[in-house]
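**Q** Dumping the structure here so I can ask a few things about it.
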There are 2 protein chains.
Amino acid sequence: MNAEQPQTRIQKKNRETILEAALEVFSSESFRGATLDQIALAAGLSKPNLLYYFPSKEAIYTELLSTLLDTWLDPLRALDGSGDPIDEIIGYALRKLEMSRDFPRESRLFANEIVQGAPRILDQIEGPLRTLVDQKADLMRHWIAEGKIAEIDPHHLIFSIWATTQHYADFNVQVRGILRPDGDAHFDDAAAFLTALFRRALTPRPD
Amino acid sequence: MNAEQPQTRIQKKNRETILEAALEVFSSESFRGATLDQIALAAGLSKPNLLYYFPSKEAIYTELLSTLLDTWLDPLRALDGSGDPIDEIIGYALRKLEMSRDFPRESRLFANEIVQGAPRILDQIEGPLRTLVDQKADLMRHWIAEGKIAEIDPHHLIFSIWATTQHYADFNVQVRGILRPDGDAHFDDAAAFLTALFRRALTPRPD
DNA sequence: CGTGTTCCTGACCGTTTGGTCAATAATTAG
DNA sequence: CTAATTATTGACCAAACGGTCAGGAACACG
């Protein structure tokens, strides 16, 4: 939004270190639960030093959110009419599942924020996100009109993809508590399950 | 667990008032985020009065969790072999969806707890919940063997039901931000969507 | 009524928390 | 090397927090 200041080498490195530590702490403690001391410890810096690079705890948090929200939505933006509709949608779900496996902290960061009412990113949800989702829903309605996918509610389809994939990151401890998997092995089972689930949901039925 | 003390009329009323207020606050602020002052305000009692009825903030929270967890799992316990398998499973999903509509705070309370690593109910998850889920998964495997439902992974099916239904409670603000529904109208659409989704997933295919 | 018990609260306490600041150390530029 | 700039920190502060306690109010019961 603003013109970026000319960052020194040290500034760049330390700001990244702080944001990485903040992601670690905020994602598992939520905004109120996290403390600057925790973040400072995780970053290997002193607390006053954190506040030399960021004006406040809130500033660290909001910078994290806004930086990550964009990349978080990239897979949905990539959903377009370039391939077979059913493969496109299943591919989107699988990409989201991979993100739950590879970036669970980011998922949990947003989960915490939204469960608690999204006080700091409600604008983003009601604005850009809503527009993006509506746009993809329109695309799906075209596919339905062309008979390429079954008649299902596009919005709720998107919700169900978010829910089923993010579940493996956000409720990770529950999944692990029940399955007791070796490492990330269960993600392959989840991928197979979701592929089958959505393929069946999307395949048009003979009339 | 303990023999219950003989509760006076006032004790019963105030403990209920406190737990209701605590549910309101804890569910939207998580444990660390909630303060005794907030709960006292919501309950219409003074802070020392809260601590007259409960020994600590933690005690209020854990009592809430353990009290609610049992009823929370009732729908899953009710899943049995009494009816048509597909109707049973879809009925379970719809019951969970109704709970998301009617008791969103309870859902969010657990969501907050689990996203943050379930530090206070991990035993419950790895113990009784795991046992219950495994038991229902066995039931489903029997249905699969009998050819009554399609071949899908029972555990991941249960996860997907949890995820898709609780999504409407836990991520309520996101859903509302995108759909801008009138009241709870969108829950009927969600019910229709989920019914179709899981019916297609469960209906056995001709070989 | 009196008296024992339950209920309630204002004032207070120690700790944690986000944040400040003056002083010092490290780095960079000429 | 020197001087200016940037980076770092120990000591500190005010507010918020969970919790305590002595004493008084309300209530139950004979």
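The values are calculated or read from the model by the stated rules, or taken from the named source; none is laboratory data. Everything numeric in this text was worked out from a predicted model, so none of it was measured. Methodologically, a virtual Cβ is constructed for each residue, glycine included, from the backbone with ideal geometry; neighbour enumeration extends over all protein chains shown. Calculation scope for accessible area: heavy atoms of the full protein, side chains included, ligands and nucleic acids excluded. Shrake-Rupley method; radii C 1.70, N 1.55, O 1.52, S 1.80 Å.
**Q** Which of rounded, prolate, oblate describes the protein assembly as shown, given a ≥ b ≥ c as roots of the alpha-carbon gyration tensor eigenvalues and a/c under 1.5 marking rounded, otherwise prolate only if a/b is larger than b/c? Kindly include the intermediate steps, with their values, before the conclusion.
**A** Values: a/c = 1.82, a/b = 1.13, b/c = 1.60.
Note, shape of the protein assembly as shown comes out oblate.
**Q** To the nearest 100 Å², how much accessible surface do chains A and B hide from each other in total, with a 1.4 Å probe? Display every interim value, and only then the final one.
**A** Values: alone 12250 and 12260 Å², together 19520 Å².
Using a 1.4 Å probe on protein heavy atoms, the buried area is about 5000 Å².
**Q** Right, something else. With runs of 4+ DSSP H residues as the only contributors, calculate the mean residue ellipticity of the protein assembly as shown at 222 nm using -39,500 (n - 2.57) per run, divided by the residue total and rounded to the nearest 500.
**A** Numbers: 22 runs with 296 residues, N = 414.
Calculated from helices alone, the mean residue ellipticity at 222 nm is -23000 deg cm²/dmol.
**Q** Only protein chains counted, 1.4 angstrom probe. Which residues of region B:26-40 are at least 50 Å² less accessible in the assembly than when their chain is isolated?
**A** At a threshold of 50 Å² (probe 1.4 Å), the residues of region B:26-40 that become less exposed are B:ARG32.
**Q** Report the paramagnetic label zone for A:THR203: residues of region B:138-157 whose backbone N is under 14 Å from a point 7 Å from Cα along the Cα-to-Cβ axis.
**A** Only B:150-152 pass the distance filter.
**Q** Taking all protein chains as present, what is the carbon and sulfur share of the accessible area of region B:22-126, in % to the nearest whole number, probe 1.4 Å?
**A** Summing carbon and sulfur atoms, their accessible area is 51 percent of the total for region B:22-126.
**Q** Shielding of B:159-171 by partners, i.e. mean partner chain Cβ atoms within 10 Å per residue? Display every interim value, and only then the final one.
**A** Working: counts 12, 9, 1, 6, 11, 8, 2, 3, 8, 3, 1, 6, 11.
Mean inter-chain Cβ contacts per residue within 10 Å come to 6.
**Q** Rolling a 1.4 Å sphere over the protein heavy atoms, what is the accessible area per residue of region A:1-96, to the nearest Å²?
**A** On the way: 5220 Å² over 96 residues.
Per-residue value: 54 Å².
**Q** Suppose every K and R has +1 on its Cβ and every D and E has -1 on its Cβ; what is the size of the dipole of the protein assembly as shown about the Cα centre, in Debye to the nearest 20? Each step should come with its number before you reach the end.
**A** Numbers: 46 positive and 62 negative charges, 187 e Å.
That gives a dipole near 900 debye.
**Q** Which value in nm describes the separation of the simple spin-label points at A:GLU58 and A:ARG77, placed 7 Å from the Cα toward the beta carbon?
**A** For A:GLU58 paired with A:ARG77, the spin-label model returns 2.8 nm.
**Q** Provide Rg and Dmax in Å for chain B, with only Cα atoms included in the calculation.
**A** Using the Cα atoms of chain B, the pair Rg, Dmax is 19.7, 68 Å.
**Q** Using only the Cα atoms of region A:1-87, build the gyration tensor, take square roots of its eigenvalues as a ≥ b ≥ c, and label the shape rounded, prolate or oblate: rounded if a/c is under 1.5, else prolate if a/b is larger than b/c, else oblate. Spell out each step's value before the answer.
**A** On the way: a/c = 2.94, a/b = 1.84, b/c = 1.59.
Judged from the Cα gyration tensor, region A:1-87 comes out prolate (a/c at least 1.5, a/b above b/c).
**Q** Relative to the Cα centre, what is the charge dipole magnitude of region B:1-55, using +1 at the beta carbon of each Lys and Arg, -1 at the beta carbon of each Asp and Glu, and rounding to the nearest 20 debye? Intermediate values should be presented prior to the final figure.
**A** Working: 6 positive and 6 negative charges, 41 e Å.
For this selection, approximately 200 debye.
**Q** If you keep only loop residues by DSSP, which GluC sites (Glu not before Pro) in region A:104-207 have at most 10 other Cβ atoms within 10 Å of their Cβ?
**A** Details: sites: A:GLU106, A:GLU113, A:GLU126, A:GLU146, A:GLU151; in loops: A:GLU146, A:GLU151.
Taking region A:104-207 and a limit of 10 other Cβ atoms within 10 Å, the loop GluC sites (Glu not before Pro) found are A:GLU146.
**Q** Turning to a different aspect of this structure: Roughly how tilted is helix A:57-72, in degrees to the nearest 10 and between 0 and 90, from the longest Cα axis of chain A?
**A** Helix A:57-72 sits roughly 30 degrees off the main axis of chain A.
**Q** Further, regarding this structure: Cα axis of helix A:154-170 to longest principal axis of chain A: angle in degrees, 0 to 90, nearest 10?
**A** 50 degrees
**Q** In region B:119-140, what residues drop by 40 Å² or more in accessible surface going from the chain by itself to the full protein assembly, probe 1.4 Å?
**A** The answer is B:ILE125, B:GLU126, B:ARG130 - residues whose exposure falls by at least 40 Å² when every protein chain is included.
**Q** What dipole magnitude, in Debye to the nearest 20, does chain B give about its Cα centre under +1 on Lys/Arg Cβ and -1 on Asp/Glu Cβ? Present the calculation step by step, with values, prior to reporting the outcome.
**A** Working: 23 positive and 31 negative charges, 103 e Å.
It comes to approximately 500 debye.
**Q** Right, another one. Leaving ligands, DNA and RNA out of it, work out the accessible area of A:ASP70 with a 1.4 Å probe and give it in Å² to the nearest 10.
**A** 90 Å²
**Q** Using a Gaussian network model of chain B whose springs link C-alpha atoms within less than 10 Å, name the residue from B:ILE152, B:ILE39, B:ILE18 with the highest mean-square fluctuation.
**A** Result for chain B, Cα springs under 10 Å: B:ILE152 fluctuates most.
**Q** What is the distance, in nm, between label points placed 7 Å from the Cα along the Cα-to-Cβ direction at B:SER46 and at A:HIS142?
**A** 6.7 nm
**Q** Now for a different question. Of A:GLN38, A:PRO55, A:ALA21, whose Cα points farthest to the positive end of the dipole of region A:1-55 (charges on the beta-carbon: +1 Lys, Arg; -1 Asp, Glu; origin at the Cα centre)?
**A** The Cα lying farthest towards the positive end belongs to A:PRO55.
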